[in-house]
Amino acid sequence: MWFRRDLRLADNPALVAAVEAARDDDADVVGLYVLDDALWSRAGANRLAYLLDSLRALEEACDGRLVIRRGDPHDVVPAVVREAGAREVHVAASHEPYGRRRDDGVEEALGRDGAALVRTGSAYAVSPGRLLTGSGTPYRVFTPFRNAWLDHGWPSPARRPHEIPWAALDGDDLPDGPEPTAHLPRAGEEAARRRWHDFVRDGLAEYDAGRDRPDRAGTSAMSVHLRWGEIHPRTMLADLAAAQHDGAPSDDVATFRSELAWREFHADVLHHRPAARTRSVRVVVPEDSWTTGEQESRWFDAWAAGRTGYPFVDAGMRQLLATGWMHNRVRMVVASFLVKDLHVRWQRGAEHFMAHLVDGDVSQNQLNWQWVAGSGFDAAPYFRIFNPVTQGEKFDPDGVYVRRWVPELGDVPGRAVHQPWKLDAPPADYPEPLVDHAHERRVALDDFQRAKD
Ligand SMILES: Cc1cc2nc3c(=O)[nH]c(=O)nc-3n(C[C@H](O)[C@H](O)[C@H](O)COP(=O)(O)OP(=O)(O)OC[C@H]3O[C@@H](n4cnc5c(N)ncnc54)[C@H](O)[C@@H]3O)c2cc1C
C-alpha cells in the first residue's frame, strides 16, 4: 500500500483492496510512504512540517510499521516491491499533472519486474474526468458540473479494515524537516475526524450565514485535512446527509456540499487541462498590462509582507504568514488586489501561496487564482474587481479581523480601521496606501477593454 495524499486508514478503498489482495495470497501488507525529492523541494516549510506530523500519526496508526523511504519513486517503489516479493502496489489514483506522470512511470517500471500498479479510488467523491457533458466534453461551468456531480452521487464510505497484517521492512527515519514559519494545526486522521465532528456539531448550522466572515471561526478549517487525505470527502458527504436527516438546516448542508463541489470541479478542470497549472486558460488582458522590473518587485514584496496600506489585504497576508492559512473571502480579495490593483500576474501570487499554505494544493490554488484573475473557464468576470475597503467593511464590520493581524492598527476603533488614511492621526508605523484603488481599477478595466478591442 503506497500512501500519498491519503494519510488515513478509514474510508480508504485502496487500502481495503491491498488488505483483501494480501488475505487472498496469505501475505502481509507493506505500508509505504516515499519522501519524494521532487515534491520535497517544492513544498514550502509549513506544508512539509505538517506532512511530517501527519506521517508520524499514520506511523502510529500502522503499529509503527509504516515504511518511510526517501528518493525518486521510480526507483524506490520497484526496489521495495523486489525486497518484499510483492506483486501488486495499491494506490489511490492521482489526477494532478505531476502525480499522473509519476504513476505512469512507476507503473512501467513495475511492469518490467512483473508487478502491477493497482489504482482504486481517488481523493475525490467523484474521480476527476468521470463526468462529461451530454456532448461528451469536459464541464467548463461550475453549476452544471455540480448538478451532474450531485446526480452521479458517490458510494458509501469504505469500512476500515479490522486487522491489517503489516509487514516488517526496514525504512528510513522521518527527517526532522524544516522549521515551520507558522503555527500549524494538529495533524493526522484522528485530529481531522475530531475537527470535523466538532464543526458538524457546533458550526454547520451557522455555515451559510457565517462562512464569509473572517472575523469569526465560521468555516470548517478542513482544507488542510482534505489536502493530505486525513479524511475523505465521501465521509464528510455521508456525515452531512446524516446531519440533515437529524435536523441540520438544509441551506447550511447544501452550501457546504457546494463548496466541496468546487473542490471537485477544480480538480476536474486540471485533469482535463494540465497546462492550467502554469498558463491562463483564457487571455484577458494584453501582455503590456503587467507591471515589470523594479516596480513589480517592490509592489509584490509589499503585498507578500502585508504592507500595502490596505488593512483588509494586509491582515490576510499576515494571517497567511502566521498560520499557513487564510480565510477564503480574504484569499479572493488579496488575489484580486495583486492582479487588478498591482497588475502582477496571478502565477506569482499562486507561487507565494504555495510556499506558505499548509492546505496548498495545485488544483485548488491555481484554479482559484485563475477564477479571481478572470482567466479560468468559469471565472469571475475580469471587470468584477474587489474593493479592498468595502470588502473589509462588509465582511469585517467591526474591524476585529484587521486588528487581530495588524497590530499597528490595534488602537483604531471599529470600522474606521479599514481606512486609516482618513484618521486625524494615522499610526506612524503603518504604511500609506501603495496605490490608489479607484485609479488602478480604471487601469485594469482599460486593459480589459483593449484586449476585447
Ligand atoms: C486565491 C485562492 C487560493 C486558494 N488556494 C487553495 C489551496 O491551495 N488549497 C485549498 O484547499 N483551497 C484553496 N482555496 C479555496 C479556499 O479558500 C479554501 O479551501 C478554504 O479557505 C479552506 O477553508 P475551510 O476548510 O475552512 O473552508 P470551508 O468554507 O469550511 O469549506 C469546506 C471545504 O470546501 C472546499 N472549498 C471551500 N471553498 C473552496 C473554493 N473556493 N475552491 C475549492 N474548494 C473550496 C475546501 O475543501 C474546504 O475545506 C483558495 C482560494 C482562493 C481564492
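A few comments on the model shown:
- About the Cα centre, charge dipole magnitude for segment 2-122 (Lys/Arg +1, Asp/Glu -1 at Cβ), debye: 460 debye
- Using equal-weight Cα scatterers in the Debye expression, the normalised intensity of segment 96-156 in log10 at q = 0.12, 0.16, 0.19 Å⁻¹ is -0.45, -0.69, -0.83.
- Prolate/oblate/rounded call for segment 2-122, Cα gyration tensor, a/c under 1.5 rounded: oblate
- Qualifying lysines (Cα of each under 18 Å from Cα of LYS452; at least 8 residues distant if same chain): LYS340
- Unit charges on C-beta of K, R, D, E only; dipole of the chain, Debye: 1140 debye
- The amide H of VAL29, built 1.01 Å from its N in the peptide plane, has TRP166, ALA167 as neighbours under 5 Å, considering only residues 5 or more places off or on other chains.
- Evaluating 6.51 cos²θ - 1.76 cosθ + 1.60 at θ = phi - 60° for every residue in segment 196-204, the Karplus couplings come out as 5, 5, 4, 5, 4, 6, 9, x, 4 Hz, glycine and proline recorded as x.
- Here ALA322 and ALA116 are evaluated by their C-beta separation; at R0 = 56 Å the FRET efficiency comes out at 0.75.
- Backbone phi angles across segment 292-304, fed through the Karplus curve with coefficients 6.51, -1.76 and 1.60 (θ = phi - 60°), yield HN-Hα couplings of 9, x, 4, 5, 4, 4, 5, 5, 4, 4, 5, 4, 5 Hz in residue order; Gly and Pro are listed as x.
- Working note: Karplus 6.51/-1.76/1.60 with θ = phi - 60° gives segment 266-273 the couplings 4, 5, 5, 4, 5, 4, 7, 10 Hz, where Gly and Pro are set to x.
- Its DSSP H runs of at least 4 residues, each contributing -39,500 (n - 2.57), put the calculated 222 nm mean residue ellipticity of the chain at -15000 deg cm²/dmol, to the nearest 500.
- Global dimensions of segment 287-452 from alpha-carbon coordinates: Rg and Dmax equal 15.3, 46 Å.
- Helix 362-373 vs. the chain, principal-axis angle (Cα, 0 to 90°, nearest 10): 20 degrees
- Cα centroid separation - segment 369-383 against segment 122-148, whole Å: 19 Å
- Cut-off under 5 Å, modelled amide H: who pairs with VAL89 long-range: ALA116, LEU117, VAL118
- Of interest is the spacing of the C-alpha centroids, which for segment 174-251 and segment 274-299 amounts to 34 Å.
- Two-decimal log10 I(q)/I(0) for the chain, as the Debye equation yields it once each C-alpha is a single scatterer, q = 0.08, 0.10, 0.14 Å⁻¹: -0.50, -0.78, -1.40
- Long-range HN-HN contacts of LEU35 with modeled amide H, under 5 Å: ARG69, ARG70, GLY71
Throughout, read-outs are computed from the coordinates displayed, never taken from laboratory work. Model, not experiment: these values are computed from the prediction. Neighbour counts run over all protein chains shown; Cβ positions are idealised from the backbone, glycine included.
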